[in-house]
Amino acid sequence: MALVAPGVFGLTSDVARGVSRMLLDRGYSPLLELTLPNGRRLDVAAISDAGEIAAVEIKVSLADFRADEKWTEYLEYCDRYYFAVPDGFPHEVLPDAHGLIVADKFGGAIVREAPHSPIIAARRKSLLIRFARTAAERFVRAADPFAP
């Protein structure tokens, strides 16, 4: 695992927690760190009761945003795409074409709604199965750390 600047992991975790709480309040079921078929890993994936898939990329600093160009590879795997940032992050550097969430460890707020861009049915089915299997495996491993 790569080393990060002191405090960054804590801030990233706080934003992820707040985003997850906000998504739950909005009727989504969030899952942290979902690996996509292209090998990339979403910070937060969430499914609505209608099966809509939202993707959230967490950025806690300008350096974090500027060093990461792989986020564009997530777009074909979601119906809505958001950046999530802590309070004080400069919003103007983030692309206007995607949603924006400001969050802390207590919750979050959508500052800019993400446009709806439906993914194809076959990809949706594949992602929903991947999401369900990942969530189920994590649940079992949390209950039984020695499971095979």
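Per-residue answers, yes or no, for (1) crowded, with 19+ Cβ neighbours inside 10 Å; (2) farther than 20 Å from R133 by Cβ:
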{"site": "G10", "(1), (2)": "no, yes"}
{"site": "R21", "(1), (2)": "no, yes"}
{"site": "S61", "(1), (2)": "no, yes"}
{"site": "K70", "(1), (2)": "no, yes"}
{"site": "E73", "(1), (2)": "no, yes"}
{"site": "C78", "(1), (2)": "yes, no"}
{"site": "V85", "(1), (2)": "yes, yes"}
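Tell me, yes or no, whether region 20-34 has at least one residue that is in contact with a Gly (Cβ under 7 Å, 6 or more places away or on another chain) and either hydrophobic (A, V, I, L, M, F, W, C) or closer than 14 Å to G108 by Cβ (or both). Before you say what the answer is, go through the steps one by one.
Step one: list which residues in region 20-34 are in contact with a Gly (Cβ under 7 Å, 6 or more places away or on another chain), which gives 21-22.
Next, from what is left, pick out any that are either hydrophobic (A, V, I, L, M, F, W, C) or closer than 14 Å to G108 by Cβ (or both): 21-22.
So far as region 20-34 goes, yes, one or more of its residues are in contact with a Gly (Cβ under 7 Å, 6 or more places away or on another chain) and either hydrophobic (A, V, I, L, M, F, W, C) or closer than 14 Å to G108 by Cβ (or both).
Would you say D49 is of a type in the set (D, E) and either touching a residue at least 24 places away in the same chain (Cβ under 8 Å) or assigned to a helix (DSSP H, G or I) (or both)? Let's see the steps before the verdict.
On the way: of a type in the set (D, E): yes; either touching a residue at least 24 places away in the same chain (Cβ under 8 Å) or assigned to a helix (DSSP H, G or I) (or both): no.
Against the criterion (of a type in the set (D, E) and either touching a residue at least 24 places away in the same chain (Cβ under 8 Å) or assigned to a helix (DSSP H, G or I) (or both)), D49 does not qualify.
From the list V44, V102, V56, which one is at pLDDT 95 or above, surrounded by 21 or more Cβ atoms within 10 Å (Cβ to Cβ), out of contact with any helix residue (DSSP H, G or I) (no Cβ under 6 Å at 6 or more places or on another chain) and not in a helix (DSSP H, G or I)?
It is V102.
Residue by residue through region 115-137, note down the ones that are in contact (Cβ under 8 Å) with a residue 24 or more places away in the chain, over 17 Å from N38 (Cβ atoms) and assigned to a helix (DSSP H, G or I).
A135
Give the residues of region 61-95 that are out of contact with any Asp or Glu (no Cβ under 9 Å at 6 or more places or on another chain), over 21 Å from I119 (Cβ atoms) and assigned to a loop (DSSP other than H, G, I, E, B), sorted by residue number.
Result: S61, E69, G88, F89, P90, L94.
When region 27-41 is examined, which residues are found to be free of Cβ contacts under 8 Å to residues at least 40 places away in the same chain and outside any strand (DSSP E or B)?
Residues satisfying the conditions are G27, Y28, N38, G39, R40.
Restrict the check to region 132-147 and report whether at least one residue is modelled with pLDDT of 95 or more, within 13 Å of the chain's Cα centre (by Cα) and not aliphatic (A, V, I, L, M).
No, every residue in region 132-147 fails to be modelled with pLDDT of 95 or more, within 13 Å of the chain's Cα centre (by Cα) and not aliphatic (A, V, I, L, M).
The values are calculated or read from the model by the stated rules, or taken from the named source; none is laboratory data. None of these values were measured; they are calculated from a predicted model. Note that we place each Cβ from the backbone using ideal geometry, even for glycine, and neighbour counts take in every protein chain shown.
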